[in-house]
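Structure first, then comments.
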Amino acid sequence: MASFVPVEKKIYKYLSLDGTGNGPITNINMALAVASDVAPIQYYVQPPVGEQWYMHRMIVNYKDNPGFSANEWASTNNILTNGISLGVNSGDNGEDVILDMVGTPYLNIQTNAAWGAMFYDVDLKTWASGDEFIVGRWSFFKDDETAGGLNGLVLDGSKKQRLVMTLRDDMTNMIGPFVAAVRGHVL
């Protein structure tokens with residue numbers, strides 16, 4: 001018999017500056033970030049104390065002018081200098097890295113094609129004219145199909161665990177938006 005998750009236990013949250021996954025576009029649109037290697041900006045989701053979240057997947061999408069290339073970032077005609085990292089962190093300010101999901105500093109995401117190394121399902125959406133966008137899906141439950149019990153990504157609010165995307169470059173040259181959202185459920 002199939003098991004179902006009640007709708008009130010489902011999670012659909014954007015990675016945000018305050019970790020709530022809610023709020024105005026300025027809280028979730030990474031195309032507004034003026035980050036650098038010395039002043040990185042973290043977008044994240046974190047369950048409240050006492051809750052555990054089972055993350056099924058993360059969806060990333062970003063929009064820019066036409067002309068996306070695999071070897072560039074968006075349509076900017078260059079790569080990101082420092083790149084984007086993903087991971088599970090903990091601590092009061094998310095300072096302790098528990099799981100580095102891209103192998104930083106060697107494999108930070110610096111180009112459009114780099115998402116494919118992590119997400120597999122990455123697609124460039126184009127039309128006859130106008131802006132283009134990339135959408136990528138990382139299914140955490142497919143990371144370890146042989147694991148017993150839950151296989152995927154579990155965040156524990158009591159341990160201050162959070163899923164973090166760290167930007168280390170100025171993103172304001174993009175049209176945007178540039179957002180990441182997670183889907184899952186409360187355990």
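Rule-based calculations on the coordinates, nothing more; no lab input. Only a predicted model underlies this, so the values are computations on that prediction, with no experimental measurement involved. Because the Cβ atoms are built from the backbone with ideal geometry, glycine has one as well, and the counts that use them run over all protein chains shown.
Remarks
- Exposed-site-free run, longest, the chain (rule: chymotrypsin sites (Phe, Trp or Tyr not before Pro); DSSP loop; at most 15 other C-beta within 10 Å): 5-105
- Using just its DSSP H runs of length 4 or more, each adding -39500 (n - 2.57), the chain gives a mean residue ellipticity at 222 nm of -1000 deg cm²/dmol after division by all residues.
- For residue 160, a cut-off of 20 angstrom between C-alpha atoms picks up these aspartates and glutamates, skipping any fewer than 8 places away in its own chain: 18, 51, 92, 95, 96, 100.
- FRET efficiency for residue 78 and residue 100, using Cβ-Cβ distance with R0 set to 22 Å, rounded to 0.05: 0.30
- Top of 97, 135, 88 by mean-square fluctuation, Gaussian network on the chain, Cα under 10 Å: 97
- Counted residue by residue at 0.36 nm each, then reduced by the alpha carbon distance between them, the extension gain from residue 141 to residue 172 reaches 7.9 nm.
- Here the alpha carbons of segment 9-186 define both size measures, Rg and Dmax, at 15.8, 49 Å.
- Footprinting exposure proxy ranking of 154, 182, fewest other C-beta atoms within 10 angstrom first, gives 154, 182.
- Cross-link reach list, lysines versus residue 63, counting only Cα pairs under 28 Å and skipping chain neighbours closer than eight places: 10, 13, 125, 142
- For 132, 95, order by how many other beta-carbon atoms lie within 10 Å, fewest first: 95, 132
- Estimated dipole of the chain in Debye, rounded to 20 [Cβ of Lys and Arg +1, of Asp and Glu -1, Cα centre]: 480
- Under 5 Å between amide hydrogens, built in the peptide plane, is the criterion, and for residue 56 it picks out 183, 184, 185 among residues at least 5 positions away or on other chains.
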